[in-house]
1. Could you check region 97-151 and list, in sequence order, the residues that are more than 19 Å from residue 10 (Cβ to Cβ) and among the charged types (D, E, K, R)?
2. For region 31-57, which residues satisfy the criterion of being basic (Lys, Arg), assigned to a helix (DSSP H, G or I) and under 17 Å from residue 87 (Cβ atoms)?
3. So residue 67 ticks every box in (1) under 17 Å from residue 36 (Cβ atoms); (2) surrounded by fewer than 20 Cβ atoms within 10 Å (Cβ to Cβ) but one. Which box is left unticked?
4. Can you tell me which residue among 148, 171 is closer than 22 Å to residue 19 by Cα, in contact (Cβ under 8 Å) with a residue 24 or more places away in the chain and surrounded by fewer than 18 Cβ atoms within 10 Å (Cβ to Cβ)?
5. Any residue in region 118-140 that is farther than 17 Å from residue 31 by Cα sitting within a Cβ distance under 6 Å of a residue that is aromatic (Phe, Trp, Tyr)? List the pairs, counting only those 6 or more apart or interchain.
6. Considering every residue within region 3-16, establish whether at least one is modelled with pLDDT under 95, out of contact with any strand residue (DSSP E or B) (no Cβ under 8 Å at 6 or more places or on another chain) and either under 24 Å from residue 111 (Cα atoms) or of a type in the set (S, T, N, Q) (or both).
7. Taking interchain pairs and intrachain pairs at least six residues apart, which have beta carbon atoms under 7 angstrom, with the first residue in region 15-33 and touching a residue at least 60 places away in the same chain (Cβ under 8 Å) and the second surrounded by 14 or more Cβ atoms within 10 Å (Cβ to Cβ) and part of a helix (DSSP H, G or I)?
Amino acid sequence: MLKTILDSDAFQDAVSKISKKILNNNQNINELAFVGVQRKGVFLAKKILSEIAKLAKTCESQFPFGTLDITLYRDDLDNFSLDMPLIKDTVIPFDISRKNIILIDDVLYTGRTIRAALDVLVNFGRPKSIQLAVLVDRGFRELPIEANYVGVKCQSEKFIKVECEEIDGVNKVMLN
């Protein structure tokens, strides 16, 4: 049975909370760039970017935006045998040097996805900083990785399902 952690309103509140904290911690918004981890992290990144543009009274296009696929950087590729995961686009259409990269993913659990994302990012250059924003931090880290910005903490080893309106028709988070 699925238990709702964030309904649509709470989902938007979490996005707003993350966005406000990002703005508060980054005085020079001209140094910000946003990178969403494929798949749901990309949609979340767009929501956060839109909210930040609204709060900063500027347009979204002011901020560089990219997408990141970590599939080939995973440390568990050998576990897939013949069912190779689908590789999605990595598009970083800007120079990441001297930028404060806001790396965005939907759920932080073991830290392995973020470790892989960091490996991919440094292949594009050396940013001024990389800050991590996640909608849900479910704890139980295997690597020493922590998010700078968290929408909600939900300490659980159970599967957490994030639904985005762009794919699922609704914004919500559920615990399985």
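1. Correct list: 98, 99, 112, 115, 119, 126, 128, 141, 142, 146.
2. To start, the set of residues in region 31-57 that are basic (Lys, Arg) comprises 39-40, 46-47, 54, 57.
Applying the additional criterion that residues be assigned to a helix (DSSP H, G or I) yields 40, 46-47, 54.
40 - this is the single residue of region 31-57 that is basic (Lys, Arg), assigned to a helix (DSSP H, G or I) and under 17 Å from residue 87 (Cβ atoms).
3. Condition not satisfied by residue 67: (2).
4. Working: 171 fails: surrounded by fewer than 18 Cβ atoms within 10 Å (Cβ to Cβ).
One residue alone meets the criteria, 148.
5. Hits for this filter: 119/73; 120/73; 138/109.
6. No, region 3-16 contains no residue that is modelled with pLDDT under 95, out of contact with any strand residue (DSSP E or B) (no Cβ under 8 Å at 6 or more places or on another chain) and either under 24 Å from residue 111 (Cα atoms) or of a type in the set (S, T, N, Q) (or both).
7. Pairs found: 15/47; 15/48; 15/51; 18/48; 22/52.
This table checks each residue for (1) within 22 Å of residue 2 (Cβ to Cβ); (2) at pLDDT below 95; (3) buried (at least 16 other Cβ atoms within 10 Å of the Cβ); (4) of a type in the set (Lys, Arg).
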{"residue": "76", "(1), (2), (3), (4)": "no, yes, no, no"}
{"residue": "89", "(1), (2), (3), (4)": "no, yes, no, no"}
{"residue": "108", "(1), (2), (3), (4)": "yes, no, yes, no"}
{"residue": "127", "(1), (2), (3), (4)": "no, no, yes, no"}
{"residue": "134", "(1), (2), (3), (4)": "yes, no, yes, no"}
{"residue": "162", "(1), (2), (3), (4)": "yes, no, yes, no"}
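The values are calculated or read from the model by the stated rules, or taken from the named source; none is laboratory data. What you see is a predicted model; the values in this text were computed from it and never measured. Glycine gets a Cβ as well: all are built from the backbone with ideal geometry, and neighbour counts include every protein chain shown.
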